[in-house]
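Only the coordinates and a few stated rules stand behind these numbers; no lab work does. Fair warning: this is a prediction, and the values are worked out from it, not measured in the lab. Cβ sites come from the backbone with ideal geometry, for glycine too, and all protein chains shown count toward neighbours.
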Amino acid sequence: MIYFDHNATTRCDERVVEAMAPYMGALYGNPSSLYKLGRFARTAIDTAREQLAALLDAPAERIVFTSGGTEANALALANARGKCLTISAIEHPSVFENAAAYRASYRDLRTGAVDSNGQISVDSLLDLDWQPGDFLSLMLANNETGAVQPVAEAVNRLSGFGVNVHTDAVQALGKMPLSFRQLGVTLLTVSSHKIYGPKGCGALVVAEGFNLSALQRGGDQEHGWRAGTENVAAIVGFGKAAELAKAEMEVRSAKLAKLRQRLEQRLKTIPGLVIFAETAERLPNTVQFGVAGLNGEMLLMQLDQHNIAVSSGSACSAASGEISPVLAAMGIAPDLAKSAIRVSLGKDNTETEIDRFVEVLIASLGIHQEI
Ligand SMILES: Cc1ncc(COP(=O)(O)O)c(C=O)c1O
C-alpha cells in the first residue's frame, strides 16, 4: 500500500512500540502509587516529558499531557474565557468548534481572514482592538495546505497589547524546527500520532507565569492541570517518538522536501492542475491540489482501488463531504475546492511511490501523456 496521508495520522514507529510494550505489561503501576511499581511509571512519564521538552525547546515542568491535540486545544480555549478570543479562519475544527461552544463565555469571538495563499496577515490583526489578557489562537501550520502561519511575528507585534497567543502546532511538530521559547507563545498544542507515536496522546505547553485552569478535575495529576490516571504507555510512546523526531528531523525534512519537489514537478505537467498555497512557506511533506470540475472524493476512491491512500481535504471534512472551510476561506472557487486532494508524505515514503502515484493519478484523470 502507498500511504500518503501522514497529516491524518502516522504508523507508530517500531522503536516507539518497543518502548511502550513494558508499560502495557509488567510495568503496569499507577504513577501516583508510592511503591516501586508506581515509581517506575512515574519515572517513565518524567522521562517522556523531558524528551518532549527537548524536541520543543520548552521547560519540561510546563508540559501537561492530554488525550490528544483536540483536548489540548479545548483546554487552551477554555482558558480564554472572560476575554476576547480571535482565531484564524483556517483553524482545525478542534479550535473553531470549541471556540464556538464557549462563545457565550468570551467577551467577543472574532475570526481573522486569510489570503489566497492560506496565510493570515499580522497587519490585519494589528488593526483590531486588543485588551490586556485577550487571546489569539493561530495555528503554526495548516493541516490541509501545509501553509505556515506568522506566529512568531504575531507574538512580537501583539506583545505590546498584552495578548496571549495560543498556537496549534500539531502539524508543525517534527516537520519543521520548533522552539517554544523562541516563539514566545503562551500556550502550544501538540499531538503524538502525527509524529509516529501512538494515538490518544497529546500535550499543551504552558508559558511560565500563565496560570492555567483545569478543564477536567478530580485528581492532582499533571500538576492539577489535567486530572485522571495518566495513559502511561501512550505518554512513553509520545516521548520516544519525540526523541526520534529530534534526532532525525533534519534527515526526514530533507528527504520529504526532495520527494515533494519530485511530486510537484510531475503534478505540474497535468493540464489545469492547481497547487493550493503554492507560493506560501509550507510544511515539507504537504501538497494539496485540485483540477476544476473533478470530484475529489471520487478520485480518492479510485486511488484507493489501487491501494493508494490520500485525503480529499482534512480527514474531518472528508467524512462530511462538505467543501473544505480552509479552501473556502482562501477564496478558492467551489468547483475547484471540490476537487481537492491532499498528499501528505511521511518519512518512509519513496521516489518509486511518488512515480506510481502520479502514474495512477494520470490514468484516473483519463489523461494520456508521457511523464
Ligand atoms: C492542526 C490539527 N490540530 C489538532 C488536531 C487534533 O489532534 P488529535 O487527533 O490528537 O486530537 C489535528 C488532527 O488532525 C490537527 O491536524
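Which of ILE90, ALA76, SER33 sits closest to the plus end of the dipole of region 14-244, meaning its Cα is farthest towards the positive end, when Lys and Arg get +1 and Asp and Glu get -1 on the C-beta?
The Cα lying farthest towards the positive end belongs to SER33.
Sort 95-101, 146-152 by the packing proxy (mean of other Cβ within 10 Å over each peptide's residues), most packed first. Walk me through the numbers before you get to the answer.
Numbers: 95-101: 19.0, 146-152: 22.9.
So the peptides 95-101, 146-152, ranked by packing, come out 146-152, 95-101.
Starting with the highest mean, order 246-256, 168-178, 199-209 by the number of other Cβ atoms within 10 Å, averaged over the residues of each peptide.
On the way: 246-256: 15.8, 168-178: 24.5, 199-209: 20.6.
By packing density, highest mean first, the sequence is 168-178, 199-209, 246-256.
Using the crude model of +1 on Lys and Arg Cβ and -1 on Asp and Glu Cβ, and no other charge, please compute the dipole size for the chain relative to its Cα centre, in debye to 20. Write out the running numbers ahead of the final one.
Details: 33 positive and 40 negative charges, 141 e Å.
Here the size comes out at about 680 debye.
Please identify, among LEU299, LEU128, LEU136, the residue showing maximal mean-square fluctuation in a Gaussian network model of the chain using a 10 angstrom Cα cutoff.
LEU128
Can you give the calculated 222 nm mean residue ellipticity of the chain, where each DSSP H run of n ≥ 4 adds -39,500 (n - 2.57) and the sum is split over every residue, rounded to the nearest 500 deg cm²/dmol? List each step's numbers first, then the result.
Numbers: 13 runs with 144 residues, N = 371.
When only DSSP H runs of four or more count, the value is -12000 deg cm²/dmol.
Greater than 29 Å separation of Cα atoms is the criterion. Which listed pairs, LYS199/LYS246; LYS175/LYS199; LYS83/LYS240; LYS36/LYS240; LYS175/LYS268, meet it?
Check vs 29 Å cut-off fails for LYS83/LYS240.
With both bridge residues required to lie in the chain, what share of the DSSP beta bridges run antiparallel, to the nearest 5%?
Details: 20 of 37 bridges.
Looking only at bridges with both residues in the chain, the antiparallel portion is about 55 percent.
What FRET efficiency would be calculated for the residue pair TYR28, ASP127, taking the C-beta separation as r and a Förster radius of 45 Å, to the nearest 0.05? It would help to have the intermediate numbers written out before the result.
Values: r = 55 Å, r/R0 = 1.22.
Taking R0 as 45 Å, the efficiency between TYR28 and ASP127 is 0.25.
Could you list log10 I(q)/I(0) for the chain at q = 0.08, 0.13 Å⁻¹, which the Debye formula gives when each Cα is one point scatterer?
Scattering profile of the chain, log10 relative to I(0): -0.41, -1.04.
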